[in-house]
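The values are calculated or read from the model by the stated rules, or taken from the named source; none is laboratory data. Because the structure is a prediction, the values reported are computed rather than measured. Note: ideal-geometry Cβ built from the backbone for every residue, glycine included; neighbour counts use all protein chains shown. The protein model used for the area step is the full one, side chains on, heavy atoms only, and it has no ligands, DNA or RNA in it. Shrake-Rupley method; radii C 1.70, N 1.55, O 1.52, S 1.80 Å.
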Amino acid sequence: MELKIHEFQGAILRTLLFNPKARFRDLNKVDITNDHFTFHLKQLIKEGLVAKNGIYYSLTDSGKEFANRMDTDSLKLERQGKLGIAIHAIRIKNNQKEYLIHKRLKEPFYGFYGSQSGKIRWGEMPIDTAKREFFEETGLKGTFKLKAIVHYHNFHKDGKLLEDKYFWVFEVINTKGLLKEKIEEGENIWMTEKEYRKLKNTFATFEEMQEVLKAKKLLYLDKIKFVDNF
């Protein structure tokens, strides 16, 4: 959902973007009473977006970041693609290659099969996200290698854009630890190629997974998908 603030609060933030230090009279450029305007100014201070120093008001660090992402016409925060990691873990068992597959048990895409994944936290390096998420979701550790950056546009069949996501995709080998077969978000299952190919509702085909894993150098891929359900 898009975030939107009150138009009067947006006007204050817009003014402070171009005036690092402003007095009350410099900010109140809308046709409302001082009491009404003061209410909105105090709300911004309460949210930690604006600070008062003596008779001057200025944006806090959080306020600068927030206002910089704000569309100054609509006062909505600009929507941006989501940043995450995806992990393809591989092992050899009984002389056969197996892939650690995650069955998603939460919305959206409930019941879909794919790789372990997670959001990159503010200030976190993708490799650190991958190691953290892999251990949290599977209980395993391993040797990580960045294989690709994949940009997904997921559209509903009617043409509406549902998701805009960038994934740093890692291969993991030499896995160690006790596998968490089920967590709140889903199930983790080691599968052979034959078992994977039988699945329906997968985020990626086996060929798409192999395209990344067999790449000799770092890949960048743009993928457009149309889905019936979300």
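What the table shows:
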| quantity | calculated |
| --- | --- |
| Whichever residue in region 202-227 is closer than 30 Å to residue 160 by Cβ and part of a loop (DSSP other than H, G, I, E, B) and, among such residues, is least open to solvent (accessible area, probe 1.4 Å) | 204 |
| Subset of region 142-188 (residues that are among the aliphatic types (A, V, I, L, M) and assigned to a strand (DSSP E or B)) | 146, 148, 149, 150, 161, 162, 169, 172, 173, 183 |
| Failed item in (1) touching a Phe, Trp or Tyr at 6+ places or on another chain (Cβ under 7 Å); (2) within 24 Å of residue 211 (Cβ to Cβ); (3) exposed (fewer than 13 other Cβ atoms within 10 Å of the Cβ), with residue 146 passing the rest | (3) |
| Residues (over 14 Å from residue 185 (Cβ atoms) and either touching a strand residue (DSSP E or B) at 6+ places or on another chain (Cβ under 7 Å) or among the hydroxyl-bearing types (Ser, Thr, Tyr) (or both)) located in region 100-134 | 100, 120, 126, 127, 129, 130, 131 |
| Selected residue (only one of 136, 124 is part of a helix (DSSP H, G or I) and surrounded by 13 or more Cβ atoms within 10 Å (Cβ to Cβ)) | 136 |
| Top-ranked residue of region 186-201 - restricted to ones that are touching a helix residue (DSSP H, G or I) at 6+ places or on another chain (Cβ under 7 Å) and touching a residue at least 40 places away in the same chain (Cβ under 8 Å), ranked as most open to solvent (accessible area, probe 1.4 Å) | 193 |
| Evaluation of residue 37 against (1) touching a residue at least 40 places away in the same chain (Cβ under 8 Å); (2) open to solvent by less than 30 Å² (accessible area, probe 1.4 Å); (3) of a type in the set (A, V, I, L, M, F, W, C); (4) out of contact with any strand residue (DSSP E or B) (no Cβ under 7 Å at 6 or more places or on another chain) (one fails), failing number | (1) |
| Qualifying positions in region 46-63 - of a type outside the set (Gly, Ala, Ser) and surrounded by 15 or more Cβ atoms within 10 Å (Cβ to Cβ) | 49, 50, 57, 59, 60 |
| Condition broken by residue 86, with the remaining ones in (1) exposed (fewer than 14 other Cβ atoms within 10 Å of the Cβ); (2) aliphatic (A, V, I, L, M); (3) under 18 Å from the mean Cα position of the chain (by Cα) satisfied | (1) |
| Filter result for residue 179 (open to solvent by less than 60 Å² (accessible area, probe 1.4 Å) and aliphatic (A, V, I, L, M)) | yes |
| Enumeration of residues in region 11-31 that are open to solvent by 60 Å² or more (accessible area, probe 1.4 Å), over 16 Å from residue 65 (Cβ atoms) and either among the small types (Gly, Ala, Ser) or assigned to a loop (DSSP other than H, G, I, E, B) (or both) | 19, 21, 23, 29, 31 |
| Flag if residue 209 is within 23 Å of the chain's Cα centre (by Cα), within 13 Å of residue 101 (Cα to Cα) and touching a residue at least 40 places away in the same chain (Cβ under 8 Å) | yes |
| Conditions (1) out of contact with any Lys or Arg (no Cβ under 9 Å at 6 or more places or on another chain); (2) open to solvent by less than 30 Å² (accessible area, probe 1.4 Å); number of the one not met by residue 159 | (2) |
